[in-house]
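Participant: Attaching a single structure in structure tokens format; questions to follow.
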Amino acid sequence: MRTRAYIALGSNLEQPELQLQRAVDEIDSFPGITLAGCSKLYQSDPVGPPGQPDYCNAVIAVDTTLTPIALLDAMQRVENDHGRVRSERWGPRTLDLDILLYGNEVVESERLTIPHYQMHLRNFVLLPLMDISPDLMLPGGMQLRKLAEKMGQDGLSVIAEQYPWF
Ligand code: ROI
């Protein structure tokens, strides 16, 4: 069975735009995962400790035959291939891949929480998600559009309109 899932991408180290473009291509070529949509590419002010570079952010839709945990393993493989080192909490990173949604499923396990626990607080997640699926309803019945309207666009700007971004 195929499930539509949404993944947030973020990077603020080592040519962030390139990190994100490469990550999308790698995810699309991963067995059991097919790219189904891609947001604009955004630049965003860092949330978290000050003094770190601005981020590049985007969101993709994928269709996958992988289970949520297998999808998480796949995302962590791609992160590790980009030299991701897990060090400071909320510190700078070469590539961050967060599973936002997996169909309508709610997952609460030690390794994985879906919907992503902070997605409703982050405009660099909600606005790119709006690019792909403006009519999306989150598990629990909340409309993405309503959340995104409340959030606003502070600190967020579009740097490329259409995938492939460059
Ligand atoms: N801030 C922005 N703007 N974008 C991110 O992707 C991002 N990711 C993070 C923290 C460190 C919370 N801040 C971020 O993990």
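Every number in this text was worked out from the coordinates using simple rules, so none of it is lab data. All values reported here derive from a predicted model rather than from experimental measurement. When we count neighbours, we look across all protein chains shown, and the Cβ atoms used for this are built from the backbone with ideal geometry, even at glycine.
Participant: Pairs under 6 Å by beta carbon, first residue touching a residue at least 40 places away in the same chain (Cβ under 8 Å) in region 65-82, partner surrounded by 13 or more Cβ atoms within 10 Å (Cβ to Cβ) and acidic (Asp, Glu), six or more apart or different chains?
Facilitator: Val78/Glu26
Participant: On to the next question. So, Gln153, is that one free of Cβ contacts under 8 Å to residues at least 24 places away in the same chain, farther than 15 Å from Leu20 by Cα and more than 12 Å from the ligand (Cβ to nearest atom) or not?
Facilitator: No, not satisfied.
Participant: Looking at region 44-63 only, could you name the residues that are within 16 Å of the ligand (Cβ to nearest atom) and more than 20 Å from Gly152 (Cα to Cα)? Don't jump to the end; show me each part of the working.
Facilitator: Of all residues in region 44-63, those within 16 Å of the ligand (Cβ to nearest atom) come to 44-60.
Listed by number, the residues that qualify are Pro49, Pro50, Gly51, Gln52, Pro53, Ile60.
Participant: Which of the following residues is within 16 Å of the ligand (Cβ to nearest atom), closer than 27 Å to Pro139 by Cα and not basic (Lys, Arg): Leu18, Leu41, Leu66, Leu13?
Facilitator: Numbers: Leu18 fails: closer than 27 Å to Pro139 by Cα; Leu66 fails: within 16 Å of the ligand (Cβ to nearest atom); Leu13 fails: closer than 27 Å to Pro139 by Cα.
Just one listed residue meets the conditions, Leu41.
Participant: Test Pro128 against the criterion of being in a helix (DSSP H, G or I) and crowded, with 18+ Cβ neighbours inside 10 Å, and give yes or no.
Facilitator: Values: in a helix (DSSP H, G or I): yes; crowded, with 18+ Cβ neighbours inside 10 Å: yes.
Yes.
Participant: If you don't mind, there's one more thing I want to ask. Given the structure, is Glu88 more than 16 Å from the ligand (Cβ to nearest atom), more than 21 Å from Cys38 (Cβ to Cβ) and either touching a residue at least 60 places away in the same chain (Cβ under 8 Å) or exposed (fewer than 14 other Cβ atoms within 10 Å of the Cβ) (or both)? Before you say what the answer is, go through the steps one by one.
Facilitator: Values: more than 16 Å from the ligand (Cβ to nearest atom): no; more than 21 Å from Cys38 (Cβ to Cβ): yes; either touching a residue at least 60 places away in the same chain (Cβ under 8 Å) or exposed (fewer than 14 other Cβ atoms within 10 Å of the Cβ) (or both): yes.
It is false that Glu88 is more than 16 Å from the ligand (Cβ to nearest atom), more than 21 Å from Cys38 (Cβ to Cβ) and either touching a residue at least 60 places away in the same chain (Cβ under 8 Å) or exposed (fewer than 14 other Cβ atoms within 10 Å of the Cβ) (or both).
Participant: Only one of these conditions is not met by Lys146: (1) touching a residue at least 12 places away in the same chain (Cβ under 8 Å); (2) outside any loop (DSSP other than H, G, I, E, B). Which number is it?
Facilitator: Going through the list (1) touching a residue at least 12 places away in the same chain (Cβ under 8 Å); (2) outside any loop (DSSP other than H, G, I, E, B), Lys146 breaks only (1).
Participant: Here is a follow-up. Select from region 21-31 the residues that are surrounded by fewer than 16 Cβ atoms within 10 Å (Cβ to Cβ) and not in a helix (DSSP H, G or I) and write down the one among them that is farthest from the ligand (Cβ to nearest atom).
Facilitator: Pro31
Participant: Residues in region 91-117 that are within 14 Å of the ligand (Cβ to nearest atom), closer than 20 Å to Arg4 by Cα and part of a loop (DSSP other than H, G, I, E, B): how many?
Facilitator: Result for region 91-117: 2.
Participant: Based on what the data block shows, is Arg145 within 21 Å of Leu20 (Cβ to Cβ), surrounded by 11 or more Cβ atoms within 10 Å (Cβ to Cβ) and of a type in the set (Lys, Arg)? Reasoning before the result, please.
Facilitator: On the way: within 21 Å of Leu20 (Cβ to Cβ): no; surrounded by 11 or more Cβ atoms within 10 Å (Cβ to Cβ): yes; of a type in the set (Lys, Arg): yes.
It is false that Arg145 is within 21 Å of Leu20 (Cβ to Cβ), surrounded by 11 or more Cβ atoms within 10 Å (Cβ to Cβ) and of a type in the set (Lys, Arg).
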